[in-house]
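Contents: one structure, followed by commentary.
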Amino acid sequence: MFIFGAFAIDLQPVIISPLIEDSITEKIEKPISTSYIDQLGGVDSTSVVDLPLRLLRVFSTEDYPVISGDQYLLTYYENGKIVSYPITVPYNKVINLGVFGSIDASALNYLELKAKVEKQVLGTYQYSNPQFLITSTGVFPISVKGEVVKATQVDAWGLTRLSDVAYLALDNASTRKVVVKKADGTETSYDLYAALMEGDASQNPYLTAKDTVIFQPKTKQVEIYGEVARAGAYQIEDKEDLVAAITRYAKGFAPTANRTNVAITRNSISGIENLQINANSRAIYALSDGDKIFVKANEVEYPSISLEGALIPSKTDTNYIQGAYTSKYFYKFAPEETLIEMLETVSSLFSSYSDLKEATLIRNGEEMKLNLEDILYKNAELRLMRLEAGDKIYIPFSQMLVTVNGAVNKAGAFGYVPGRTLSYYLNQAGGLANNAKGMDKIKVYDKFGSQIASSEIIPSEAIIEVERDTFATNIAPIVTVVGLVGSIVSIALNVAYLITAATK
């Protein structure tokens, strides 16, 4: 399927490549997700991972905090034997090491605890080669409420971050203000967008036992489309205006952007407003919650090629010849578009009259033969040839024709059918016109220009000339003039008679 433009070059129909249409409409029509998770780039849908993966993450990080329920294994040599001592971290995080004493691990991470334990064992048994390894991690509940389906508790572990529970938030929750309330009642607000999309790790803390996560309602969200680096839905800060929002969140204008014509659709109390903003001006343009911003592209003039010859005409084509088709089209193509991409678009213009094997490409004044049939159906090498502005492709007629001219109702070129006589082609041409002299005045010429008898079988490429009755055509205006003169003379005589009668 192809698209006709609402304009023409030299009054010829124009076909717009679907590749151009796709590039234009994609940025306009491509849906933008407004979901909470997608605004944060997508996050895991669980707060606790499987134990083997948890252990791998503990071993690969420097700051795993010791939590209640962690399980460790202490091994060391005593009197030539290996001693294994399992340890579970109690609620108060004071670890009992038996003969080696105890350690308060409430403010320690795993590596710090490991170093302390092994040091205390060495203090008692100097050559005991102690090893202190974690074998399982503790799990604790945290509360989640606010803009969620319902207040709930979820399991967490030592490396659960705030973003790990973001999957519970509704789409109307704020990504910019998520409150974590500690067991002692202190509250801290965090910006998950800054954490996940801008890399600010301070805004994505580890959660601890008895934490409560409170998702606040969003305050200002806009959608940015069109000629920007990253289209999407974004929750912006109150102080950020149009240019700041495009710069920070959509990562700036694309090179093709028309900065002087930025469209904003806004829902206001009075109804929907459609605004046009010049983003190049120094004015600060404040945004409202729900604004849809579309950055338009600079108008691009795409190059074109011409297609001519045995093509099915458009409805407005003035080059239509009854029985066969000789048409011309212009085709606007996209950058890097190939010959096969163009041919697949216009293939519906080809008919049984189109000789695809004998097409000709004219480029920069030089002719090149093209077998379009092989290119379309046999994966020919030239199928990947790039189109160039000004290319001309001519498709000749494949079927032999017989031409009927003169005093017929529908003169034109008609498909040759072997064995047919004169009457067949006259019928194809709609029969003799009223001004035809008659069957005996019809002349038939073969393709070499030699006249042949009209009673013979009509050969291919023949031309049939039906002579017009020029006398009947020319006498009509003479008769009209004579009649007009007669009427004038008659009127003059009547007037003279009336004058004479009045004087008597």
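Structural remarks
- Cα shape, the range 105-224, gyration tensor, a/c 1.5 rule: prolate
- Kirkwood analysis of the range 112-181, using all unique Cα-Cα pairs, places the hydrodynamic radius at 15.6 Å.
- Using C-alpha pairs below 8 Å separated by at least 6 residues, the relative contact order for the range 51-136 is 36 percent.
- Prolate/oblate/rounded call for the range 51-136, Cα gyration tensor, a/c under 1.5 rounded: prolate
- Between Glu299 and Ala201, the C-beta separation translates, for a Förster distance of 35 Å, into a calculated FRET efficiency of about 0.20.
- Pairwise label distance in nanometres, Leu55 with Ser352, each label 7 Å out on the Cα-Cβ vector: 7.7 nm
- Based on the Kirkwood approach, the hydrodynamic radius assigned to the range 220-297 is 12.3 Å, with every pair of different Cα atoms included.
- Distance between the modelled labels on Tyr445 and Ser281, one decimal in nanometres: 7.1 nm (7 Å Cα→Cβ projection).
- Relative to the current alpha-carbon distance between Gln71 and Thr152, full extension at 0.36 nm per residue lengthens the span by 26.5 nm.
- Spin-label pair Thr421-Ile37: with each label point 7 Å from Cα along the Cα-Cβ axis, the two points sit 8.1 nm from one another.
- Fewest-first ranking of Ser398, Ser288, Ser84, using other Cβ atoms within 10 Å as the exposure measure: Ser84, Ser288, Ser398
- Given [x] 26.8, 87; [y] 44.2, 173; [z] 25.8, 84, the label whose value is Rg and Dmax of the Cα atoms in Å derived from this model: [y]
- Pro141 sits among other residues whose Cβ lies under 15 Å from its own Cβ, and their net charge, with Lys and Arg +1 and Asp and Glu -1, is +1.
- Around Asp70: net Lys/Arg minus Asp/Glu count, Cβ-Cβ under 11 Å: +2
- Between the C-alpha center of the range 332-409 and that of the range 222-292 there is a gap of 46 Å.
- Relative contact order computed over the chain (Cα-Cα under 8 Å; 6+ residues apart), in percent: 10 percent
- Percentage relative contact order, the range 225-296, counting C-alpha pairs under 8 Å, at least six apart: 39 percent
- When DSSP beta bridges are restricted to pairs lying wholly in the chain, around 80% turn out antiparallel.
- Residue-averaged 222 nm ellipticity for the chain, from DSSP H runs of 4+ at -39500 (n - 2.57), nearest 500: -6500 deg cm²/dmol
- DSSP loop chymotrypsin sites (Phe, Trp or Tyr not before Pro) with at most 11 other Cβ within 10 Å excluded, longest remaining stretch of the chain: 128-447
- The residues neighbouring Tyr416, those whose beta-carbon lies less than 15 Å from its own, together hold a net charge of -2 under the Lys/Arg +1, Asp/Glu -1 convention.
- The length gained on full extension between Glu461 and Thr256, counted as 0.36 nm times the residue separation minus their Cα-Cα distance, comes to 68.4 nm.
Laboratory data are not the source of any read-out in this text; all were calculated from the coordinates shown. Keep in mind that what you see is a predicted model, and the values were worked out from it rather than measured. Here Cβ is always computed from backbone atoms with ideal geometry, including for glycine, and neighbour counts include all displayed protein chains.
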